[in-house]
């Protein structure tokens, strides 16, 4: 029932928007009908050059920065959890990490990593990393002591403790970090492409905008939204399954 | 008398906090025979939980020893199973998977541990809930899962820390009666820490009464309640007699403790 109403809301809004643009209630230089956006997105996707140079590049950049954020985030999170020293020394820096506007540092990233996908990936990664680090560290720290004692009373090895107690117990927290990281790496990658790339969806959006190609721009914007939605749905699916079955 | 299964000898535990020594337990001695059900009761703060953690190998005594079949306990081991007071089921595992945990970790083949876990789930009265997750169960049911998870590994001795402490008195005694049946069927030896006199009187063959801090063995009371028992034993004269004994010994303890505290405070005031 909830699903139905949720879907209805989206459908109604889209129909209303379509109507508003078709009837010229909205400024047609700024807003185009949804159907036109959709057609443009499909047209873009049938162009092999667009798919390899822009869509493909962006997808790989997002994937790389997201995976990097997960791997390094969990490693650093575990270090922060295991070492009180590291926790106390690094905690303020981690807080600072959130506040750093990585986009403003893009010239430095270019001079270090050159032009190409690498600086884009690095900015996306750095943008997404703190969420995974903090959530992993919190997840492990907040494990209820009694669960650890149950493990100890079964005389588990360290490896068994990690696999069968610590990870599943911390998993809900870690996964929250992973979901945030997905959003952050998408934002990081697209936004960086606006400013320092000659490829990728972010670039196509800003290029189309600068050339008054409103249709092309909306086609790419819609594709970015579709990517974000898909990632979210996939992660939601994994979360539901993993909680049921990670023993 | 046969060689006891567990022997606690001259056990003392001292905590050092802020350069002050706190003696939590002093010269504790008792034995547990195979198949016995022993309860440890005492006023709050007498070091019951500390004693339990030492018995189960999670903590080491300052002096003295705990021996199982003549071998000193130096850490957690397979021969000792623990049921904790707090909710300790794994929320990410189903009832069946929770019960399987210990056996699975021991490396038993899946078919074998699955079979044993199924039987144990049935024994604790959770048939039909095998595939439920702990959050779908009541507190009492979750504690049954925890008990099943410990008993299924067939430890030589099962140490329980107020397993029904978080439940209301009725549920507590009913589950206690059920626990007795399960213990009889699995022939487990149990050491139960509790502050409920009724629970101790209903379940135990032998009751160890600890004194207020530092915890010492004050009385050893042997139960005369006939077996098998269930919650109906609550109305028998034997039950009344045991609870009466327990009450008076514990009352004495609480009073001496109060007295000490009063002395302390008067000293502080006098300074």
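The values are calculated or read from the model by the stated rules, or taken from the named source; none is laboratory data. A quick note: this is a predicted structure, and the numbers were derived from the prediction, not measured. Note that we place each Cβ from the backbone using ideal geometry, even for glycine, and neighbour counts take in every protein chain shown.
Looking at segment B:41-56 only, could you name the residues that are in a loop (DSSP other than H, G, I, E, B) and surrounded by 22 or more Cβ atoms within 10 Å (Cβ to Cβ)?
B:42, B:43, B:46, B:47, B:56
Please tell me if residue B:125 is surrounded by fewer than 17 Cβ atoms within 10 Å (Cβ to Cβ), closer than 20 Å to residue B:182 by Cα, under 19 Å from the mean Cα position of the chain (by Cα) and touching a residue at least 40 places away in the same chain (Cβ under 8 Å). Full working, then the answer.
Numbers: surrounded by fewer than 17 Cβ atoms within 10 Å (Cβ to Cβ): yes; closer than 20 Å to residue B:182 by Cα: yes; under 19 Å from the mean Cα position of the chain (by Cα): no; touching a residue at least 40 places away in the same chain (Cβ under 8 Å): yes.
Criteria not met by residue B:125.
What do you reckon, is residue A:13 more than 30 Å from residue A:213 (Cβ to Cβ) and assigned to a helix (DSSP H, G or I)? Working first, answer last.
Working: more than 30 Å from residue A:213 (Cβ to Cβ): no; assigned to a helix (DSSP H, G or I): yes.
It is false that residue A:13 is more than 30 Å from residue A:213 (Cβ to Cβ) and assigned to a helix (DSSP H, G or I).
Does segment B:253-261 contain at least one residue that is in a helix (DSSP H, G or I), surrounded by fewer than 19 Cβ atoms within 10 Å (Cβ to Cβ), touching a helix residue (DSSP H, G or I) at 6+ places or on another chain (Cβ under 9 Å) and in contact (Cβ under 8 Å) with a residue 24 or more places away in the chain?
Checked segment B:253-261: no residue is in a helix (DSSP H, G or I), surrounded by fewer than 19 Cβ atoms within 10 Å (Cβ to Cβ), touching a helix residue (DSSP H, G or I) at 6+ places or on another chain (Cβ under 9 Å) and in contact (Cβ under 8 Å) with a residue 24 or more places away in the chain.
Quick one: which of A:176, A:204 is modelled with pLDDT of 90 or more and surrounded by fewer than 22 Cβ atoms within 10 Å (Cβ to Cβ)? Break it down into steps so the answer makes sense when it comes.
Numbers: A:204 fails: surrounded by fewer than 22 Cβ atoms within 10 Å (Cβ to Cβ).
Just a single option satisfies the conditions, and that option is A:176.
Give the residue that is nearest to residue A:77 (Cα to Cα), with candidates limited to residues of segment A:137-188 that are outside any helix (DSSP H, G or I) and within 12 Å of chain B (Cβ to nearest Cβ). Even if it seems obvious, please write down each step before you answer.
Just the residues of segment A:137-188 that are outside any helix (DSSP H, G or I), to begin with: A:142-144, A:154-157.
Right, trim to within 12 Å of chain B (Cβ to nearest Cβ) and you get A:143-144, A:154-157.
Working: A:143: 14, A:144: 18, A:154: 26, A:155: 26, A:156: 23, A:157: 21 Å.
It comes out as A:143.
Could you pull out the residue among B:229, B:213 that is more than 9 Å from residue B:39 (Cβ to Cβ) and either part of a helix (DSSP H, G or I) or touching a strand residue (DSSP E or B) at 6+ places or on another chain (Cβ under 9 Å) (or both)?
Working: B:229 fails: either part of a helix (DSSP H, G or I) or touching a strand residue (DSSP E or B) at 6+ places or on another chain (Cβ under 9 Å) (or both).
That would be B:213, the only listed residue that is more than 9 Å from residue B:39 (Cβ to Cβ) and either part of a helix (DSSP H, G or I) or touching a strand residue (DSSP E or B) at 6+ places or on another chain (Cβ under 9 Å) (or both).
Quick check: is even one residue across segment B:35-42 touching a helix residue (DSSP H, G or I) at 6+ places or on another chain (Cβ under 7 Å) and within 14 Å of another protein chain (Cβ to nearest Cβ)? Please lay out each step first, then the result.
Just the residues of segment B:35-42 that are touching a helix residue (DSSP H, G or I) at 6+ places or on another chain (Cβ under 7 Å), to begin with: B:37, B:39-42.
Those left that are additionally within 14 Å of another protein chain (Cβ to nearest Cβ): none.
Checked against the condition, which is being touching a helix residue (DSSP H, G or I) at 6+ places or on another chain (Cβ under 7 Å) and within 14 Å of another protein chain (Cβ to nearest Cβ), segment B:35-42 yields no hits at all.
Pick from B:60, B:55: which is in contact with a strand residue (DSSP E or B) (Cβ under 9 Å, 6 or more places away or on another chain) and either closer than 14 Å to residue B:7 by Cβ or more than 14 Å from chain A (Cβ to nearest Cβ) (or both)?
Working: B:60 fails: either closer than 14 Å to residue B:7 by Cβ or more than 14 Å from chain A (Cβ to nearest Cβ) (or both).
Going through B:60, B:55 in turn, just one is in contact with a strand residue (DSSP E or B) (Cβ under 9 Å, 6 or more places away or on another chain) and either closer than 14 Å to residue B:7 by Cβ or more than 14 Å from chain A (Cβ to nearest Cβ) (or both): B:55.
Got a number for residues in segment B:81-107 being within 20 Å of the chain's Cα centre (by Cα), facing another protein chain (nearest Cβ under 8 Å) and either over 23 Å from residue B:166 (Cα atoms) or assigned to a loop (DSSP other than H, G, I, E, B) (or both)?
Residues that pass the stated criteria total 5.
Of all the residues that make up segment A:52-89, how many are touching a helix residue (DSSP H, G or I) at 6+ places or on another chain (Cβ under 7 Å) and farther than 21 Å from residue A:124 by Cα?
Selection size over segment A:52-89: 6.
Is one or more of the residues making up segment A:27-35 part of a helix (DSSP H, G or I), surrounded by 14 or more Cβ atoms within 10 Å (Cβ to Cβ) and under 27 Å from the mean Cα position of the chain (by Cα)? So that I can check it myself, show each step before the final result.
Narrowing segment A:27-35 to residues part of a helix (DSSP H, G or I): A:34-35.
Right, trim to surrounded by 14 or more Cβ atoms within 10 Å (Cβ to Cβ) and you get A:34.
Filter once more, keeping what is under 27 Å from the mean Cα position of the chain (by Cα): A:34.
Yes - at least one qualifying residue is present in segment A:27-35.
All but one of (1) touching a helix residue (DSSP H, G or I) at 6+ places or on another chain (Cβ under 7 Å); (2) part of a loop (DSSP other than H, G, I, E, B); (3) away from every other protein chain (no Cβ under 14 Å) hold for residue B:28; state the number of the condition that does not hold.
In the conditions (1) touching a helix residue (DSSP H, G or I) at 6+ places or on another chain (Cβ under 7 Å); (2) part of a loop (DSSP other than H, G, I, E, B); (3) away from every other protein chain (no Cβ under 14 Å), residue B:28 misses (2) alone.
Within segment A:215-227, is there a residue that is within 14 Å of chain B (Cβ to nearest Cβ) and at pLDDT 90 or above? Outline the logic, then answer.
Initial filter on segment A:215-227 (within 14 Å of chain B (Cβ to nearest Cβ)): none.
No, every residue in segment A:215-227 fails to be within 14 Å of chain B (Cβ to nearest Cβ) and at pLDDT 90 or above.
Mind checking which residues of segment B:1-49 are within 30 Å of residue B:178 (Cα to Cα), free of Cβ contacts under 8 Å to residues at least 60 places away in the same chain and in contact with a strand residue (DSSP E or B) (Cβ under 6 Å, 6 or more places away or on another chain)?
The answer is B:4, B:8, B:31.
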